[in-house]
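Here's the structure we're looking at; comments come further down.
The values are calculated or read from the model by the stated rules, or taken from the named source; none is laboratory data. Keep in mind that this is a model prediction, so the values were computed, not measured. Cβ coordinates were reconstructed from backbone atoms using ideal geometry, including for glycine residues, and neighbour counts include every protein chain displayed.
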Amino acid sequence: MCPSSAYPKLLAPLDLGHITLKNRVLMGSMHVGLEDGKGPLKKLGAYFARRAEGQVGLIVTGGIAPNREGWAKPFAGKLSNRLEVWQHRYVTDAVHEAGGRIAMQILHTGRYAYHPMAVAPSPIKSPISLFRPRALSRRGIGRTIAAFANCAKRAQEAGYDGVEVMGSEGYLINQFIAAHTNKRTDEWGGSYENRIRFPLEVLRAVRAAVGPEFVIIYRLSMLDLVREGSTWEEVVELAKRVEEAGASIINTGIGWHEARVPTIATMVPSAGFTWVTRRLKGEVAVPLVTSNRINMPDVAERVLADGDADMVSMARPFLADPDWVLKAEQGREDEINTCIACNQACLDHIFRNQRCSCLVNPLACHETEWAVHPVRRRRDIGVVGAGPAGLSFATFAAGRGHRVTLYEASGSIGGQFNMARRIPGKEEFDHTIRYYQKQIELTGVELKLNHRVSAEELAAAGHELVVLATGVNPREITLPGVEHEKVLSYVEVLRDERPVGARVAIIGAGGIGFDVAEFLLHGPGHDAREDPEGARARFFDEWGIDTTLTNRGGMRAPTRPPPTREITLCQRSKGKLGAGLGKTTGWIHRASLKHSGVVMLPECRYEKIDDVGLHLTVGGVPQVLPVDNVVICAGQVSRRELEGPLKARGVEVHLIGGADVAAELDAKRAIEQGARLATAL
Ligand code: FAD
Ligand code: NAP
Ligand code: SF4
């Protein structure tokens, strides 16, 4: 116990027999793109060392394959020979020098592999894969088990404190366990006893290879969220057998990758799945780790205090803030840069084959390349606009030692995040605003709210340079009847709270069009901040999650209330709506709107708006949408009216965020651009 802290459970040490972890925080496995390729893993080492300095109790690496067949993609991280042991030494040495502990995840992707060497228990292609796997022969299974054991032994040689055997998220081990991916008729398929033989043999072989004094975590799929997944009784049976086979810790896995249920995205309720781990408490003696959508110390403490688990696992929160644990220990939780579960710079990058980073912390995964140093010469800088771009620049620049004055026309910081935070499922954007508010105090930025600043005033203030972060204005469209009283901009709906009728057409189906639809469907009374229990219940109902754990795979028929509004979402271009949304979240937004009966119309040509409604052609066919309101969400244009007058007065001007380029603007670009400029000046 750690009696002096506000988080006594979270910060209590955990005795594993041969080692003691300093607290109950496990940094969960997450592929970041620094694991792959040849050569020493220096960047990966620096990335983890930074988190070890931040006092994480136990780090788990992203998945490392035990052999080539298990690679996630060609030349993905693998550990099977002595050369690779040497590469991994850079990781373990860096973490140990920083006083941390690190386990390596052994991941065999099976049929999820993105290469033609993919193998699986049976030759059944997954709905999210390109390649049909080859069925492993019995000898092949034996070789694969030996590869797991060899990989664990090599991890031990490389200096890791343990390994995590990845048995969830639908990867190879899961594929053996579930009947719908394992159609074998030999001793590795058929009965449940036969189907769990593979994970148990893997664990026994790993334990035999590494001896008793080495941590083995088993990531167990406790809720498959696929139709023919395990029953809860089978999960309990497996957990007991996993413990017998030599696991020191059991970690929670929720949902296969092919499951059509969101498990970590922003609309998943806070700590939304810890009740699953709790059901396993008392069934096994080894410590249980719970996970998914835990992002702040009070949430983590409550989960542990409620007895849901013995440890909490968080992955993305350590991209957002490497000092998360340290700040909790020191009572500085209001300084935590909180992960808002957007997936935009982490998972979306990985799925696009780019290096992972973080929307709220662009330095993440760039530890060896992007250092922020104190300035040699202090400059007086004026920043206009306290949206994400201006906040990022101002706090970074002031943190380096510049004198910064931040002018904001409205009464609060945050810019468009003040509209985003009103969208159901984006409530946690509040955290980013709170983080910057605190950074403004800590770095000494002089904040001038309700201050629409002019070029004259900026020039007269004597700033050596001015950074324009004035954002965007909604694009105005030209269309007969666009001045009709039933036409509203998204700003009038979200910020000004203008009344909206029961039948709505939305022009423009980008991120904001989708968000406005979500807002209008679930508006007042659906705020998770005011009614967290109601929001949880609605989430489980909408996505058909069986919280009683009586059904196979944890699935049940969804129950959805009738939609509160009739909404039609329109775009001019061909193809599916929302194609430009995030790779890992777009499908959720599309599914969610479909659940509520939103009609999606591509290939629209808008003709006019009048008392009857919106007149348009859809694929060349004339239609009238008899709506009460038309909401325009047709993108934005940069707001940069100060640029010319400032330059004319000889002031050095820099543009960032939406003021620089409005097209394809998002907070990821705004924050990164602000941070990069502040690092360079
Ligand atoms: P802004 O946020 O527009 O900030 C500009 C600021 O400048 C404003 O506060 C304005 O008041 C101030 N200002 C302007 N002129 C002056 C002046 N003369 N003097 C003083 N102050 C001035 N992005 C994502 O990445 N992910 C999302 O999930 C997401 N969801 C969104 C949902 C909604 C509903 C909306 C509206 C936006 C969303 N965005 C999202 C977009 C994101 O909010 C923007 O990309 C981001 O806010 C742009 O940052 P910015 O600092 O460039 O501009
Ligand atoms: P956007 O993504 O550019 O979408 C604008 C929409 O308006 C498109 O559907 C476009 O499609 C349509 N449009 C453009 N010009 C038009 C015109 N003259 N007349 C009629 N329709 C027109 O912009 P946004 O939705 O405003 O979002 C702004 C930024 O915020 C985005 O870049 C996005 O990244 C970010 N954002 C992200 C999220 C997220 O969840 N990640 C959420 C919200 C916002 P057609 O040309 O086909 O009609
Ligand atoms: Fe969290 Fe978004 Fe950062 Fe990913 S990009 S770590 S989801 S805040």
For the range 308-322, does any single residue satisfy the condition of being within 16 Å of ligand 3 (Cβ to nearest atom), among the polar types (S, T, N, Q) and part of a loop (DSSP other than H, G, I, E, B)? no
Exclusive hit being closer than 17 Å to residue 14 by Cα and either among the acidic types (Asp, Glu) or without any contact (Cβ under 8 Å) to a residue 60 or more places away in the chain (or both), set 247, 305, 208, 309: 309
Whether any residue in the range 331-338 is part of a loop (DSSP other than H, G, I, E, B), under 21 Å from the mean Cα position of the chain (by Cα), of a type in the set (Val, Ile, Thr) and within 12 Å of ligand 1 (Cβ to nearest atom) is what I want to check. no
Of the residues 547, 568, only one is under 24 Å from the mean Cα position of the chain (by Cα) and either modelled with pLDDT of 95 or more or on the phi > 0 side of the Ramachandran plot (or both); which? 547
Given (1) at negative phi; (2) more than 16 Å from ligand 3 (Cβ to nearest atom), index of the condition residue 354 fails: (2)
Going by the conditions given, is residue 169 within 23 Å of residue 546 (Cβ to Cβ), in contact with a strand residue (DSSP E or B) (Cβ under 6 Å, 6 or more places away or on another chain) and either in a loop (DSSP other than H, G, I, E, B) or not assigned by TED's automatic domain parsing to the domain that holds residue 123 (or both)? yes
Does residue 332 satisfy the criteria of being surrounded by fewer than 24 Cβ atoms within 10 Å (Cβ to Cβ) and not assigned by TED's automatic domain parsing to the domain that holds residue 30? no
Keeping to the range 223-241, report how many residues are surrounded by 17 or more Cβ atoms within 10 Å (Cβ to Cβ) and in contact (Cβ under 8 Å) with a residue 60 or more places away in the chain. 8
Only one of (1) crowded, with 20+ Cβ neighbours inside 10 Å; (2) outside the structural domain of residue 668 (by TED's automatic domain parsing) fails for residue 368. Which number is that? (1)
Counting only residues that are basic (Lys, Arg) and outside any loop (DSSP other than H, G, I, E, B), which one in the range 573-607 is farthest from ligand 3 (Cβ to nearest atom)? 605
Report every pair of residues separated by at least 6 positions or lying on different chains whose Cβ atoms are under 7 Å apart, first residue within the range 664-675 and in a loop (DSSP other than H, G, I, E, B), second more than 10 Å from ligand 2 (Cβ to nearest atom). 665/657
Being in contact (Cβ under 8 Å) with a residue 40 or more places away in the chain and either among the hydroxyl-bearing types (Ser, Thr, Tyr) or in contact with a Pro (Cβ under 7 Å, 6 or more places away or on another chain) (or both) is the filter; apply it to the range 466-495 and report the residue that is nearest to ligand 1 (Cβ to nearest atom). 470
Among the listed residues 550, 584, identify the single one that is surrounded by fewer than 16 Cβ atoms within 10 Å (Cβ to Cβ), more than 28 Å from residue 502 (Cβ to Cβ) and among the polar types (S, T, N, Q). 550
Restricting attention to the range 407-445, which residues are under 26 Å from the mean Cα position of the chain (by Cα) and among the aliphatic types (A, V, I, L, M)? 413, 419, 420, 423, 433, 440
Residues satisfying the stated conditions in the range 404-439, i.e. among the small types (Gly, Ala, Ser) and within 16 Å of ligand 3 (Cβ to nearest atom): 414, 420, 425
Considering (1) exposed (fewer than 15 other Cβ atoms within 10 Å of the Cβ); (2) assigned by TED's automatic domain parsing to the domain that holds residue 418, say which one residue 453 fails and leave the rest. (1)
Selection within the range 486-513 - small (Gly, Ala, Ser) and on the phi > 0 side of the Ramachandran plot: 508
Near pairs, Cβ below 6 angstrom, 6+ apart or cross-chain, from the range 642-661 (farther than 14 Å from residue 461 by Cβ and without any contact (Cβ under 8 Å) to a residue 12 or more places away in the chain) to any residue that is away from ligand 3 (no atom under 16 Å from the Cβ) and outside any helix (DSSP H, G or I): 647/653
If you take the residues of the range 124-147 that are touching a strand residue (DSSP E or B) at 6+ places or on another chain (Cβ under 6 Å) and under 28 Å from residue 554 (Cβ atoms), which of them is surrounded by the most Cβ atoms within 10 Å (Cβ to Cβ)? 133
Could you check how many residues of the range 646-681 are more than 9 Å from ligand 1 (Cβ to nearest atom) and touching a Pro at 6+ places or on another chain (Cβ under 6 Å)? 2
Can you pull out the residues in the range 102-142 that are of a type outside the set (Phe, Trp, Tyr), touching a residue at least 24 places away in the same chain (Cβ under 8 Å) and outside any loop (DSSP other than H, G, I, E, B)? 102, 103, 104, 105, 106, 110, 111, 119, 120, 135, 138, 141
